[in-house]
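Student: Quick one: this structure, given as structure tokens, is what I'll be asking you about.
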Amino acid sequence: MFRIIKKESVAMHVEEMVIHAPHIAGSAQAGNFIILRIHDTGERIPLTIADSDCDAGTITILFQKAGKTTEELASLKEGDSIRDIAGPLGHPTPLKRCGRAVLVGGGIGSATLFPILKALKKKRNRVTVILGARTSDLLVWEHKFGEIADKMWLVTDDGTSGKKGFVTDALNEVVENEKVDIVIAVGPIRMMQAVAELTRFHDIPAIVSLNPIMVEGTGMCGACRVSVGGKTKFACVDGPEFDAHEVDFEEIARRLAFYKREEMESLHKYRTSCKGRCRGK
Amino acid sequence: MRARNAEKRKKDFKEVALGLTEKEAVREAKRCLQCKKPMCVTGCPVEIDIPAFISAIREKDFKRGIEVIRRYNMLPAVCGRVCPQENQCQGKCVLGKKNAPVAIGALERFAADFEAKKGVPKKPEKPKLNRRSVAVIGSGPAGLTAAAVLAKTGYKVTVFEALHEAGGVLTYGIPEFRLPRKIIEREIDFVTSLGVEIKLNWVVGKIQTIDDLLKEGYDAVFIGVGAGSPRFMEIPGENLNNVYFASEYLTRVNLMKAGSFPKYDTPVKRGKRVAVVGAGNVAMDAARTAVRLGAEKVYIVYRRTSAEMPARLEEVEHAKEEGVEILFLSSPKEIIGDKHGHVSAVRCDAMRMCEPDESGRRRPECSGNEFILEVDQVIMAIGQTANPLLTRSVKKLRLWGAGYIEVDEEGATNIPGIFAGGDIATGAATVISAMGAGKRAARAIDSYIKNKK
Ligand SMILES: Cc1cc2nc3c(=O)[nH]c(=O)nc-3n(C[C@H](O)[C@H](O)[C@H](O)COP(=O)(O)OP(=O)(O)OC[C@H]3O[C@@H](n4cnc5c(N)ncnc54)[C@H](O)[C@@H]3O)c2cc1C
Ligand SMILES: Cc1cc2nc3c(=O)[nH]c(=O)nc-3n(C[C@H](O)[C@H](O)[C@H](O)COP(=O)(O)OP(=O)(O)OC[C@H]3O[C@@H](n4cnc5c(N)ncnc54)[C@H](O)[C@@H]3O)c2cc1C
Ligand code: SF4
Ligand code: SF4
Ligand code: FES
């Protein structure tokens, strides 16, 4: 059992949770994720370790209410427990001194860039951060990024915060005005695809963090397979980060939508039958 | 052995094979010739004293029967059900030359089930702890056996398991209708009753390395992480929607209980016309699971002939009774998708068997003809290979083949203090061979630690 130490809403539909998991906190690196299962009948879902604190023995996750499991997770309170958490999983982000880096985050993807930003700064890189969302209420952790990043861009589709437009508009401006050594993007598939195209055009190396559906997360089931450079890779052990220019985005978008019907059914059942009251059954 | 009616059992996940009644067991036991040089024993990887336990059953001393078995085999209820007996003990039984061999597996299961039913006290004597500790990685049959043997010898044993449940393939791979969960739970309870601690959700290689474990004070480490990584065919269409690797399909159903969605949160797609590629136990399990999830038609697609099928005989027969159709000499070359990227058919080469080559093995080759099988789901069950997650984290560990750990007969690796066994050392094999390896390694670990002192 893993106790929830702190829980807070950080943006519309986005929750931050600090969980007691000392053995994971002690070994988590930027880019790692966990797989959790709330209770006995629950599903295993992957979430990025957005931050970790070795001394306190805690990890922080940020998640968006996307369906049944994340909604149920959001209904838990401080002091409640999560049945299973496995991690840290996945390859850590390959971080080195590379010079100038641009981090591009869309929606909830933004927060998961935070440990990468911290690690890049530790290696004395110059880092520009571009955070984007549909509207200002959906921006997460912009203040935390602002404290560390060398340069910050906020972008919203509707112009309610920062620049109006898409993150790729901002990225375009950045790469046209300065030399960029690497771009790291996390967010919705179509956003990452657009970043891949833009950086390919400008001939800049780029990394994206893929989020396929996973089951066990240790390379044993193949649920998370993605095509990268024409080869099948398992995102949970070979990734989740890959060379943006090699990823088959159409395939991953299609695979992500595979259980749509079941996801709707599950959410509908959850909302109508128990409205969060059957937690921890 | 009697089995439940095929039409009824197709609709649920309850156990198919019914086991022997007391009368049947005694009658079967009486067929055994009590050979002076029992060939059956040479076929059993853990060399159970088969004539001795059978003779006990013949005398209706079932308690003695199970005691004999337990001296050699930690998981009799499991092995009696899943051992490929026709290639092992029963394959060697002298009676088999002319008639049916003695049903050793069924008798072993009978003895184990008797023990469970009668609640024969199986309470282990509390071993005297020797203040030494061993870390076991993986809670499959290899790890559980090593842990139990070491615990009985007096070691403090911690088992680290990546998943949220212990048991390895027994838990996430082999379906309920072949191996009921309560049997595995009982065996795991037995292991923990010896004082073994099982740490779940603990991915070694990620949380800490084996080096860390040794530094933390464990005197030795046993690696029993299995060969869980699915193998692909590398044919076009393998990543289409509704193409599953058997391990994902079975994990969803067995570990995550997707058959009871939405009561359980994990879904699984229920195919109507399903092609399962491969003909081992994994393929049979996937095919029969698909039947139970409501498929109208399930095909096994296999590139060789019935003579080469690696699955247990009983499972093949049960699958056929349940309506699974086996297409021999058929090799998929492409999975075809519809415009939404969902499976719609499999294109297969029709094969023929060549004359035996120098090694005496017959190989399938393309006959030049092909055919198309219209299906809406494909399950790949062409084998598993080593998962590099753990081995990658151990510097200088000597591997062979596709990343399996090289060990000597005792299970020692090239690094002192690190032992390994089961599928990760041999490649995908059997429950009983994994157990045998766990037991041998446990003894080797014991003498390693004693000599180190
Ligand atoms: C390595 C990795 C790290 C992740 N990190 C985070 C994180 O830090 N914060 C966060 O909010 N989410 C993260 N995700 C996504 C998260 O796992 C899903 O949002 C979650 O599984 C949805 O579960 P659900 O039952 O609530 O929704 P479901 O009902 O299962 O899905 C609802 C919607 O989300 C989509 N979806 C389903 N699974 C995924 C998925 N794995 N990724 C993206 N969309 C999905 C579906 O298409 C559907 O539209 C990560 C995914 C991966 C693979
Ligand atoms: C579907 C299926 C059906 C089968 N049917 C039969 C049958 O009828 N008869 C038969 O004899 N054999 C059968 N087998 C084969 C048999 O199950 C295996 O040979 C046997 O389970 C191998 O045992 P093991 O202990 O080596 O590994 P496994 O049973 O694979 O257990 C390994 C365990 O280690 C864990 N692990 C892996 N990596 C780590 C890590 N880094 N840290 C912590 N834990 C880790 C895994 O999660 C797993 O629980 C079948 C296999 C499958 C898949
Ligand atoms: S353990 Fe397996 S091989 Fe050995 S006697 Fe029992 S059924 Fe036969
Ligand atoms: S070989 Fe057959 S007949 Fe002989 S002891 Fe073994 S089981 Fe009995
Ligand atoms: S989630 Fe199972 S292989 Fe990646």
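Student: In region A:31-47, what residues are among the hydrophobic types (A, V, I, L, M, F, W, C) and either over 30 Å from B:GLY259 (Cα atoms) or more than 10 Å from chain B (Cβ to nearest Cβ) (or both)? First the steps, then the outcome.
Tutor: If we filter region A:31-47 for residues that are among the hydrophobic types (A, V, I, L, M, F, W, C), which is where we start, we get A:33-36, A:38, A:45, A:47.
Matches in region A:31-47: A:PHE33, A:LEU47.
Student: Only one residue in B:ALA29, B:ALA77 is outside the structural domain of B:ARG186 (by TED's automatic domain parsing) and either within 16 Å of ligand 4 (Cβ to nearest atom) or charged (D, E, K, R) (or both), so which one is that?
Tutor: On the way: B:ALA77 fails: either within 16 Å of ligand 4 (Cβ to nearest atom) or charged (D, E, K, R) (or both).
On inspection, the qualifying residue turns out to be B:ALA29.
Student: Return the only residue of A:ARG225, A:ARG190 being free of Cβ contacts under 8 Å to residues at least 40 places away in the same chain and away from ligand 2 (no atom under 16 Å from the Cβ). It would help to see each step written out before you state the result.
Tutor: Details: A:ARG190 fails: free of Cβ contacts under 8 Å to residues at least 40 places away in the same chain.
Being free of Cβ contacts under 8 Å to residues at least 40 places away in the same chain and away from ligand 2 (no atom under 16 Å from the Cβ) holds for just one of A:ARG225, A:ARG190, which is A:ARG225.
Student: Spot the failing condition for B:ALA100; the list is (1) of a type in the set (Gly, Ala, Ser); (2) surrounded by fewer than 21 Cβ atoms within 10 Å (Cβ to Cβ); (3) touching a residue at least 60 places away in the same chain (Cβ under 8 Å); (4) under 26 Å from B:ARG64 (Cα atoms), and only one is missed.
Tutor: That leaves (3) as the condition not met.
Student: Of all the residues that make up region A:131-162, how many are touching a Gly at 6+ places or on another chain (Cβ under 7 Å) and assigned to a strand (DSSP E or B)? Reasoning before the result, please.
Tutor: Here is the first cut: in region A:131-162, the ones touching a Gly at 6+ places or on another chain (Cβ under 7 Å) are A:131-133, A:138, A:152-156.
With the extra rule that they be assigned to a strand (DSSP E or B), the set shrinks to A:131-133, A:152-156.
Within region A:131-162, residues that are touching a Gly at 6+ places or on another chain (Cβ under 7 Å) and assigned to a strand (DSSP E or B) number 8.
Student: While we're on this one: Any residue that is closer than 20 Å to B:ALA307 by Cα and outside any loop (DSSP other than H, G, I, E, B) - is there at least one of those in region B:366-389? Steps first, please.
Tutor: Within region B:366-389, the first condition is being closer than 20 Å to B:ALA307 by Cα, and the residues that meet it are B:366-367, B:381-383.
Retained after the next criterion (residues that are outside any loop (DSSP other than H, G, I, E, B)): B:366-367.
Yes, the conditions are met somewhere in region B:366-389.
Student: Still on this structure, please answer the following. Taking B:LYS333 as the residue in question, decide whether it is more than 22 Å from B:LEU170 (Cα to Cα) and away from chain A (no Cβ under 11 Å). Lay out the reasoning, then the answer.
Tutor: On the way: more than 22 Å from B:LEU170 (Cα to Cα): yes; away from chain A (no Cβ under 11 Å): yes.
Answer is yes for this residue.
Let's see how each residue does on (1) in contact with a Gly (Cβ under 7 Å, 6 or more places away or on another chain); (2) surrounded by 18 or more Cβ atoms within 10 Å (Cβ to Cβ); (3) within 16 Å of B:VAL243 (Cα to Cα); (4) modelled with pLDDT under 95:
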| residue | (1), (2), (3), (4) |
| --- | --- |
| B:ILE335 | yes, yes, yes, no |
| B:LYS339 | no, no, yes, yes |
| B:VAL346 | no, yes, yes, no |
| B:PRO356 | no, no, no, yes |
| B:ARG361 | no, no, no, yes |
| B:ASP376 | yes, yes, yes, no |
| B:ILE382 | yes, yes, yes, yes |
| B:LYS396 | no, no, no, yes |
| B:ILE405 | no, yes, no, no |
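Student: Look at region B:193-217 and say how many of its residues are surrounded by fewer than 17 Cβ atoms within 10 Å (Cβ to Cβ) and either of a type in the set (Gly, Ala, Ser) or more than 12 Å from chain A (Cβ to nearest Cβ) (or both).
Tutor: The qualifying residues number 5.
Student: While we're looking at this one, here's another question. Could you grab me the full set of residues in region B:286-315 that are at pLDDT 95 or above and under 20 Å from the mean Cα position of the chain (by Cα)?
Tutor: Across region B:286-315, the qualifying residues are B:ALA286, B:ALA287, B:ARG288, B:THR289, B:ALA290, B:ILE300.
Student: For A:ALA28, all conditions in the list (1) surrounded by fewer than 23 Cβ atoms within 10 Å (Cβ to Cβ); (2) in contact with a Ser or Thr (Cβ under 8 Å, 6 or more places away or on another chain) hold save one; what is the number of the exception?
Tutor: Evaluating A:ALA28 over (1) surrounded by fewer than 23 Cβ atoms within 10 Å (Cβ to Cβ); (2) in contact with a Ser or Thr (Cβ under 8 Å, 6 or more places away or on another chain) leaves (1) as the failure.
Student: What number of residues in region B:234-258 are within 7 Å of another protein chain (Cβ to nearest Cβ), within 19 Å of B:ILE184 (Cβ to Cβ) and touching a Pro at 6+ places or on another chain (Cβ under 7 Å)?
Tutor: Counting residues in region B:234-258 that are within 7 Å of another protein chain (Cβ to nearest Cβ), within 19 Å of B:ILE184 (Cβ to Cβ) and touching a Pro at 6+ places or on another chain (Cβ under 7 Å) gives 1.
Student: Here is a follow-up. Return only the number of the condition from (1) closer than 20 Å to B:VAL149 by Cβ; (2) within 10 Å of ligand 3 (Cβ to nearest atom); (3) surrounded by 24 or more Cβ atoms within 10 Å (Cβ to Cβ) that B:ILE66 does not satisfy.
Tutor: If we test B:ILE66 against (1) closer than 20 Å to B:VAL149 by Cβ; (2) within 10 Å of ligand 3 (Cβ to nearest atom); (3) surrounded by 24 or more Cβ atoms within 10 Å (Cβ to Cβ), just (2) comes out false.
Student: Oh, and also: Confirm whether B:GLY167 is in contact with a helix residue (DSSP H, G or I) (Cβ under 6 Å, 6 or more places away or on another chain), within 14 Å of chain A (Cβ to nearest Cβ) and away from ligand 5 (no atom under 16 Å from the Cβ). Outline the logic, then answer.
Tutor: Details: in contact with a helix residue (DSSP H, G or I) (Cβ under 6 Å, 6 or more places away or on another chain): yes; within 14 Å of chain A (Cβ to nearest Cβ): yes; away from ligand 5 (no atom under 16 Å from the Cβ): yes.
Taking the combined requirement at face value, the residue satisfies it.
Student: Just to verify a result, which residue in region B:285-332, among those that are small (Gly, Ala, Ser) and within 17 Å of B:LYS269 (Cβ to Cβ), is surrounded by the fewest Cβ atoms within 10 Å (Cβ to Cβ)? Steps first, answer last, please.
Tutor: Going through region B:285-332, the residues small (Gly, Ala, Ser) turn out to be B:286-287, B:290, B:294-295, B:306-307, B:311, B:319, B:323, B:330-331.
In the following step, the residues that additionally are within 17 Å of B:LYS269 (Cβ to Cβ) were identified as B:286-287, B:290, B:294-295.
Working: B:ALA286: 29, B:ALA287: 30, B:ALA290: 27, B:GLY294: 12, B:ALA295: 23.
So the residue we want is B:GLY294.
Student: Of all residues in region B:192-225 being in contact with a strand residue (DSSP E or B) (Cβ under 8 Å, 6 or more places away or on another chain) and among the small types (Gly, Ala, Ser), which is nearest to B:ILE445 (Cα to Cα)?
Tutor: Result: B:ALA220.
Student: Considering region A:203-223 alone, what residues qualify as being assigned to a loop (DSSP other than H, G, I, E, B) and touching an Asp or Glu at 6+ places or on another chain (Cβ under 9 Å)? Give the derivation first.
Tutor: As a first pass, look at region A:203-223 and keep what is assigned to a loop (DSSP other than H, G, I, E, B): A:203-205, A:210-223.
Answer for region A:203-223, where residues must be assigned to a loop (DSSP other than H, G, I, E, B) and touching an Asp or Glu at 6+ places or on another chain (Cβ under 9 Å): A:ILE204, A:PRO205, A:LEU210, A:VAL215, A:GLU216, A:GLY219, A:MET220, A:CYS221, A:GLY222, A:ALA223.
Student: Can we say A:LYS260 is free of Cβ contacts under 8 Å to residues at least 12 places away in the same chain, closer than 28 Å to A:THR135 by Cβ and in contact with a Leu (Cβ under 9 Å, 6 or more places away or on another chain)? Don't jump to the end; show me each part of the working.
Tutor: Working: free of Cβ contacts under 8 Å to residues at least 12 places away in the same chain: yes; closer than 28 Å to A:THR135 by Cβ: yes; in contact with a Leu (Cβ under 9 Å, 6 or more places away or on another chain): no.
No, not satisfied.
Student: Select, from B:ILE184, B:ILE104, B:ILE188, the only residue that is more than 14 Å from chain A (Cβ to nearest Cβ), modelled with pLDDT of 95 or more and either away from ligand 1 (no atom under 16 Å from the Cβ) or closer than 21 Å to B:GLU314 by Cα (or both). Quick ask: steps written out before the conclusion?
Tutor: On the way: B:ILE184 fails: modelled with pLDDT of 95 or more; B:ILE188 fails: modelled with pLDDT of 95 or more.
Only one candidate qualifies: B:ILE104.
Student: Suppose we keep only residues that are of a type outside the set (S, T, N, Q) and more than 8 Å from ligand 5 (Cβ to nearest atom) within region A:214-232. Which one would you say is surrounded by the fewest Cβ atoms within 10 Å (Cβ to Cβ)? Outline the logic, then answer.
Tutor: Filtering region A:214-232 down to residues of a type outside the set (S, T, N, Q) leaves A:214-217, A:219-226, A:228-231.
If we keep only those that are more than 8 Å from ligand 5 (Cβ to nearest atom) as well, we get A:226, A:228-231.
Details: A:VAL226: 23, A:VAL228: 20, A:GLY229: 11, A:GLY230: 7, A:LYS231: 10.
Looking at residues that are of a type outside the set (S, T, N, Q) and more than 8 Å from ligand 5 (Cβ to nearest atom), I get A:GLY230.
Student: Please indicate, with yes or no, whether at least one residue in region A:251-269 is touching a helix residue (DSSP H, G or I) at 6+ places or on another chain (Cβ under 7 Å) and within 30 Å of A:VAL127 (Cα to Cα).
Tutor: Yes, region A:251-269 contains a residue that is touching a helix residue (DSSP H, G or I) at 6+ places or on another chain (Cβ under 7 Å) and within 30 Å of A:VAL127 (Cα to Cα).
Student: So, restricting to helices (runs of 4 or more DSSP H) that lie completely within region B:183-297, which ones have at least 2 residues that are over 22 Å from B:GLU322 (Cβ atoms)? Steps first, answer last, please.
Tutor: Details: elements: B:210-216, B:246-250, B:281-292.
Once the helices (runs of 4 or more DSSP H) in region B:183-297 are filtered for at least 2 residues that are over 22 Å from B:GLU322 (Cβ atoms), what remains is B:210-216.
Student: Another question, then. If we only count helices (runs of 4 or more DSSP H) wholly inside region B:1-90, which ones have 1 or more residues that are in contact with a strand residue (DSSP E or B) (Cβ under 8 Å, 6 or more places away or on another chain)? Don't jump to the end; show me each part of the working.
Tutor: Details: elements: B:6-9, B:22-31, B:39-43, B:50-58, B:62-72, B:76-82.
In region B:1-90, the matching helices (runs of 4 or more DSSP H) lie at B:6-9, B:76-82.
Student: Further question on the same structure: Filter region B:138-165 for residues that are of a type in the set (Gly, Ala, Ser) and buried (at least 24 other Cβ atoms within 10 Å of the Cβ) and give the result.
Tutor: Our first condition is that a residue be of a type in the set (Gly, Ala, Ser); within region B:138-165, this holds for B:138-140, B:142-143, B:146-148, B:151, B:154, B:162.
Within region B:138-165, B:GLY138, B:SER139, B:GLY140, B:ALA142, B:GLY143, B:ALA146, B:ALA147, B:ALA148, B:ALA151, B:ALA162 qualify.
Student: Can you report the number of residues in region A:225-258 which are assigned to a helix (DSSP H, G or I), more than 8 Å from chain B (Cβ to nearest Cβ) and farther than 13 Å from A:MET192 by Cα?
Tutor: 4
Student: Determine whether region A:55-65 contains at least one residue that is of a type outside the set (A, V, I, L, M, F, W, C), buried (at least 24 other Cβ atoms within 10 Å of the Cβ), closer than 17 Å to A:ASN211 by Cα and away from ligand 4 (no atom under 16 Å from the Cβ).
Tutor: Within region A:55-65 (the criterion being of a type outside the set (A, V, I, L, M, F, W, C), buried (at least 24 other Cβ atoms within 10 Å of the Cβ), closer than 17 Å to A:ASN211 by Cα and away from ligand 4 (no atom under 16 Å from the Cβ)), the answer is no, since none of the residues qualifies.
Student: How many residues are more than 9 Å from chain B (Cβ to nearest Cβ) and not in a strand (DSSP E or B) when one looks only at region A:1-30?
Tutor: Number satisfying all stated conditions: 9.
The values are calculated or read from the model by the stated rules, or taken from the named source; none is laboratory data. Owing to the predicted nature of the structure, the values given are computational and were not obtained by experimental measurement. With ideal geometry, Cβ positions are generated from the backbone for all residues, glycine too; neighbour counts draw on all protein chains shown.
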